[in-house]
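This report refers to the structure that appears directly beneath it.
The values are calculated or read from the model by the stated rules, or taken from the named source; none is laboratory data. These figures come from a predicted structure and were not determined experimentally. Counting neighbours? That spans all protein chains shown, and the Cβs are built from the backbone with ideal geometry, glycine included.
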Number of protein chains: 2
Amino acid sequence: MTQMQSVTYTSAKERDVTDLVLEDILTGVLPAGTWLKQIDLEKRYDCTRPEVRRALDRLSQKRLVEHVPNRGYHVYQPEGRRAQEISDIRVILETAVADLMVENATPESIARLRQLAQHFDRMTMEGTVLEHYEANLAFHRELLLLAGNTELVEVVSEIRQRTSSAPVSQWRTRARVERSAREHHMMIDALEARDVAGLKRLIEAHIRQTGDAAPTESAVRQA
Amino acid sequence: MTQMQSVTYTSAKERDVTDLVLEDILTGVLPAGTWLKQIDLEKRYDCTRPEVRRALDRLSQKRLVEHVPNRGYHVYQPEGRRAQEISDIRVILETAVADLMVENATPESIARLRQLAQHFDRMTMEGTVLEHYEANLAFHRELLLLAGNTELVEVVSEIRQRTSSAPVSQWRTRARVERSAREHHMMIDALEARDVAGLKRLIEAHIRQTGDAAPTESAVRQA
DNA sequence: GTTACCAAAATTGGCGCCAATTTAGGATAC
DNA sequence: GTATCCTAAATTGGCGCCAATTTTGGTAAC
């Protein structure tokens, strides 16, 4: 039982086509509205027709692309209303467990979060769009994981993907990205200070991307 | 608005195989742990191999069945921990919008809810397991819809399915079903009385299936 | 010049076959 | 009598072909 077979990525292909397409949608390589022709994808990702169709079917189940019978699949255009509703759901879920996150936070987990926040900062400059996006995901996953509900982490990850092209369009300005980075550190500060109310406010402002994340006293004390 | 066109099932086949399998899992025809052999499903639902495989792939994406490479698919066994976590998420989401539901409730929507609650009561006696299950779903959909967030309705529907075999096992006793029915009416009462706190308590007790749904004064007043 | 119709090219989508892997049963050796 | 190995049956899963539908471009008629 040498246990070596699970991580033998041949060269680059190994990964599922679904993830490849998903990444290209999330990073904006395939913008909203694009028609995803099966032949093009076949050549682009060097895979077979059934693989392409499985990927498209999965993505349409996730509501990332829309399927029009006998016409094909195109990248979903998230309208304003739906995006708003998804934000509302995220705010409800992530603020609801703020007290649990504070409760379960340990010095080790806080250190891990600081590391992830710093990794996000680094990727702002040095990383690709995808690496940056994934660094953000990793931070929020770790933060949510503190609530102790692994299923919740999955649900939030799923609904977060539904805003799809949002990351690219929302992060186009450097100012916006830098504020996101600062907010990450402020959230950790609030967590360390056990300031539940402040943490909730920060999470809501971070998701809504509104500026009014007035830091509480305890959060300021940390800085 | 004759509203008749949506129910034109040609004979029985018309609908997607995925839904057929889903129903059989939810109603307990295919119990947790069952291995879903492709040939069997092919014959059972009178469809082709690719259709079966697409259905199985979709259901495994929804985490209703588990896929073991080169072994096949089997109905997922929802362990206690996961079921608990899913309940927690539902409680968070559905109680969080209780105030919105009260705010948006109109005499018409309340009347519609009463009708759906009564339909559930009727299906307890006269309906099949599936009809009963769907009557429950319809009631909760209509109730959640009051919050004005259609995306939320979808998300809750999705995560509700993840408890899969739960409906059958939880509703095996008549006492349990009857209490569910009563709780439906109590929720409408609380809604009509604009008793947000009472509604939240009822929703939580209903989801958790705990007995302590002590009715508030305003809810009692209605009865 | 514009519109309508027809035909050809392209694209989607259904279906079945065959290779690879696994499982079960039987036979043989200990 | 039991355990192990080998063979055969069954099941999964990858792949390609062909029919059905749509789109586009051209032509002809008004």
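A few points about this structure:
- Each residue in the stretch A:86-111 was checked for being assigned to a loop (DSSP other than H, G, I, E, B) and in contact (Cβ under 8 Å) with a residue 24 or more places away in the chain, and 2 pass.
- Close pairs (7 angstrom Cβ cut-off, 6 or more residues apart or separate chains): aliphatic (A, V, I, L, M) in the stretch B:22-47, modelled with pLDDT under 90 and surrounded by fewer than 14 Cβ atoms within 10 Å (Cβ to Cβ) anywhere: B:ALA32/B:GLN77
- Whichever residue in the stretch A:11-22 is away from chain B (no Cβ under 14 Å) and part of a helix (DSSP H, G or I) and, among such residues, is farthest from DNA strand C (Cβ to nearest atom): A:LEU20
- Filter result (within 12 Å of DNA strand C (Cβ to nearest atom) and either more than 11 Å from A:HIS74 (Cβ to Cβ) or assigned to a helix (DSSP H, G or I) (or both)) within the stretch A:31-50: A:GLN38, A:ILE39, A:ASP40, A:LEU41, A:GLU42, A:LYS43, A:THR48, A:ARG49, A:PRO50
- Among the residues making up the stretch B:65-77, those that are assigned to a loop (DSSP other than H, G, I, E, B) and within 16 Å of DNA strand D (Cβ to nearest atom) are B:PRO69, B:ASN70, B:ARG71, B:TYR76.
- Checking A:ALA83 against (1) away from every other protein chain (no Cβ under 14 Å); (2) in contact (Cβ under 8 Å) with a residue 60 or more places away in the chain; (3) among the aliphatic types (A, V, I, L, M), the condition it does not meet: (1)
Here's the yes/no breakdown for (1) under 18 Å from the mean Cα position of the chain (by Cα); (2) loosely packed, with under 15 Cβ neighbours inside 10 Å:
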residue: B:SER109; (1), (2): no, no
residue: B:GLN115; (1), (2): yes, yes
residue: B:ARG122; (1), (2): yes, yes
residue: B:GLU126; (1), (2): no, yes
residue: B:TYR133; (1), (2): yes, no
residue: B:LEU143; (1), (2): yes, no
residue: B:ASN149; (1), (2): yes, no
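- Only one of the numbered conditions (1) within 14 Å of DNA strand D (Cβ to nearest atom); (2) within 19 Å of A:ARG160 (Cα to Cα) is violated by A:ILE89, and that is (1).
- Flag if B:VAL75 is among the aliphatic types (A, V, I, L, M), more than 14 Å from every other protein chain (Cβ to nearest Cβ) and in contact with a Lys or Arg (Cβ under 8 Å, 6 or more places away or on another chain): no
- Looking only at the stretch A:67-82, and only at residues there that are out of contact with any helix residue (DSSP H, G or I) (no Cβ under 7 Å at 6 or more places or on another chain) and more than 15 Å from A:THR34 (Cβ to Cβ), the one that is surrounded by the most Cβ atoms within 10 Å (Cβ to Cβ): A:ARG81
- Within the set A:VAL68, A:VAL75, A:VAL91, the sole residue that is at pLDDT 90 or above, among the β-branched types (Val, Ile, Thr) and within 9 Å of DNA strand C (Cβ to nearest atom) turns out to be A:VAL68.
- Filter pass, A:THR210 being out of contact with any Phe, Trp or Tyr (no Cβ under 8 Å at 6 or more places or on another chain), farther than 19 Å from A:ASP99 by Cβ and at pLDDT below 90: yes
- The lone criterion from (1) under 29 Å from B:LEU146 (Cα atoms); (2) within 11 Å of chain A (Cβ to nearest Cβ); (3) crowded, with 20+ Cβ neighbours inside 10 Å left unmet by B:LEU64 is number (2).
- Output for the stretch A:23-61, where each listed residue is away from DNA strand D (no atom under 16 Å from the Cβ) and within 14 Å of chain B (Cβ to nearest Cβ): A:LEU59, A:SER60, A:GLN61
- For the stretch A:35-59, the set of residues classified as hydroxyl-bearing (Ser, Thr, Tyr) and surrounded by 15 or more Cβ atoms within 10 Å (Cβ to Cβ) consists of A:TYR45 only.
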